[in-house]
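Here the structure is laid out as structure tokens; the discussion comes afterwards.
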Amino acid sequence: MKKTLSLILVLALATTALMGCGGGQTSSTASTTPSASSAPASSAASTAASEAAPTTETVKFSATFLQNEWHGDPNQMEVFQTLAERANVEVDWQVYASATWPDKKNLLLAGGDLPDVMYMNTLNRNDVAKYAPQGMIMDLTDLVAEHCPRLTQVFAEMPHYKNVCVNPDDGKMYIIARGAERDVQYTQALYYINKKWLDQLGLDVPKTTDEYYAALKAFKDGDMNGNGDASDEIPYSFVYNPDQPKLDFSCQDMFGAFGYVDYQGASLAHFIQDENRKVVYVAMQPEYKEAIRFYGKMVQEGLWDAESFTSPDTSILNAKGNNATQILGSFSAFDKGFVVPAEQADDYVIMGPLEGPEGHKNWLYHQASNGNVNGTQFIMTANAAGKEAGIMRWLDEHFDQQMSIELFLGPEGTTLEKTGSGMLDYIDTPAGMSYSEFRYGNAPVHVPCAIKGADWGKTIQVMDEDANKLAISQEYYRPYSTQSSIFQNPTQEESKYLLGKAKDIDQYTTKMQVKWLTEGGIDAEWDTYLAELEKLGIGEYIKLVEGMAARNDAQ
């Protein structure tokens, strides 16, 4: 693969405090050199595992596989075959589409007939807080100590990772998260605009909300692709899905031009901490009202893609970007390679944070990601009783250093190759295939693993996508990222509230936001809306989140 960024650039980025969100990757690699304190992962756990008594009994168990639009068949993935052989297990994969999983999950939980392993974030922390006390989810604390020497060693070397796995209520361990440290996970979506079309119109890249509106209006009215149809251009497209948020593809940062960025995560939606670390519920602020009024005008005039509000995942946006005739004027994405083909990449350039009518220019620091040390990647249900030893043996194989990398990036010999220095590097993506298709076709990605920040550039090459996005974020967005999302590791009582009363508030706020953006009416309905939030208990919600934020800040 091409090494598109220099060693000097990546070294500079490695020492810079950066912002963040997270997503997938699109192409190749960039080299870096770790600091003197960066040490290779300890081999003690692997040695201990290899000295463990061999087992001859094959354990069979069921596990969920949450399949996105790029994922291959788990039954055909080499990494899973290797895991099964090493642990002497047989996995019955129960495959679900990520876009429709929320409804399927509710049916499974209601029926109680769960798979042995809930894998790949199929249950969230709120689910754990609700169902663990009911005995539906096993405590892994002693099982990890007894059967998982590799994972135990990882916890010793990455105590912050262990902290994410431990339940704050009772100190027990019900979940195993993903521990893939990447600075790029603190970054937000990048905003791209069609420079080719701007040049045709004699316009500069917009710097203000008014300039942005004028550019999108010109895109819509100008038959920019020259096919004789002035109605097929899409001035701006994105992904809006409150059930399965795609923060790297959302419109949330646009609201920052009016004072507050609107965080649109699945939990703690619309909550941020401002530059003074004060908790703000954005969806009841005057600045939010102004943003809705402005961007609602864009949606209603056809400048924002109304279909974005019903798109379940990024595949629809990708299809628009890969249309035979170019139709996208601007979009938000983790990287433009996820949306447009390589031959059009140069047509799209970065658009920085827009300045609003009152001079605001804000972007979000994605604190909630915790650098990709997060998630509920592995949960064992009560139905796994009698199979614990074999399942935990399989889990521990995830934490062999190379296996962790291969689970995240694909197997050596297929997506990765070892260089003369012993470092893993990336095999070129096959022609006609995006890197996401190549990677996800061979790697589950969203699973338990441990890749330290020090491993990048020492054991595995840094991805070009990461280095590129970090550079862009640092240049264009980081100076304006004084507001942040709130890291979430709720207690049992907090989870009960988030699953109950908070969910009612979230659903109401989302319903009204979509209505106002697509149909208008915010001025006439604003006072009634605020009164309804009070009736639903927004004051209690804010107080709870303030407590969560204070606890996080104290740690």
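The values are calculated or read from the model by the stated rules, or taken from the named source; none is laboratory data. Just so we're clear, the structure is a prediction, and the values are computed from it rather than from any experiment. Positions of Cβ are backbone-derived with ideal geometry, glycine not excepted, and every protein chain shown enters the neighbour counts. The accessibility values were calculated without ligands, DNA or RNA, using every heavy atom of the protein model including side chains. Shrake-Rupley method; radii C 1.70, N 1.55, O 1.52, S 1.80 Å.
A few notes on this one:
- Each of THR82, PRO159, THR64 was placed along the dipole of the range 51-165 (beta-carbon charges, centred on the mean Cα), and the one lying farthest toward the positive end is PRO159.
- Dipole magnitude of the chain, debye to nearest 20 (Cβ charges: Lys/Arg +1, Asp/Glu -1, about Cα centre): 760 debye
- Amide H contacts under 5 Å for GLU417, placed H, 5+ residues apart: ASP425, TYR426, ILE427
- Here the Karplus curve 6.51 cos²θ - 1.76 cosθ + 1.60, taken at θ = phi - 60°, turns the phi angles of the range 198-211 into couplings of 4, 5, 4, 8, x, 10, 8, 4, x, 10, 10, 5, 5, 5 Hz, with x standing for Gly and Pro.
- Among 534-541, 521-528, the order from most to least packed when residues are scored by Cβ within 10 Å on average: 534-541, 521-528
- Here the Karplus curve 6.51 cos²θ - 1.76 cosθ + 1.60, taken at θ = phi - 60°, turns the phi angles of the range 141-152 into couplings of 3, 6, 5, 4, 4, 7, 10, 10, x, 5, 4, 4 Hz, with x standing for Gly and Pro.
- Charge dipole (the range 282-429, unit charges on Cβ, about Cα centre) - positive-most of ASN323, PRO411, ASN374: ASN374
- Other-chain or far-sequence residues with amide H under 5 Å of ASN374's (modelled H): ARG178, ALA180
- Under-5 Å amide H pairs with THR482, H placed in peptide plane, nonlocal only: TRP363
- Greater than 19 Å apart at Cα, pairs in LYS104/LYS511; LYS104/LYS172; LYS196/LYS336: LYS104/LYS511; LYS104/LYS172
- Taking the charge dipole of the chain about its Cα centre, with +1 at Lys and Arg Cβ atoms and -1 at Asp and Glu Cβ atoms, the residue from GLN402, ASN489, GLY171 reaching farthest to the positive side is GLY171.
- Exceedance of the 24 Å cut-off in Cα-Cα distance is limited, within the set LYS289/LYS469; LYS503/LYS543; LYS220/LYS320; LYS130/LYS162, to LYS289/LYS469.
- Global form of the range 288-419, assessed from the alpha-carbon gyration tensor, a/c cut-off 1.5: prolate
- Residue-wise HN-Hα couplings along the range 114-127, as the Karplus relation 6.51 cos²θ - 1.76 cosθ + 1.60 with θ = phi - 60° gives them from phi, are 8, x, 5, 10, 8, 10, 6, 6, 6, 10, 9, 5, 5, 4 Hz; Gly and Pro carry x.
- Within the accessible area of the chain (1.4 Å probe), percent carbon and sulfur: 49 percent
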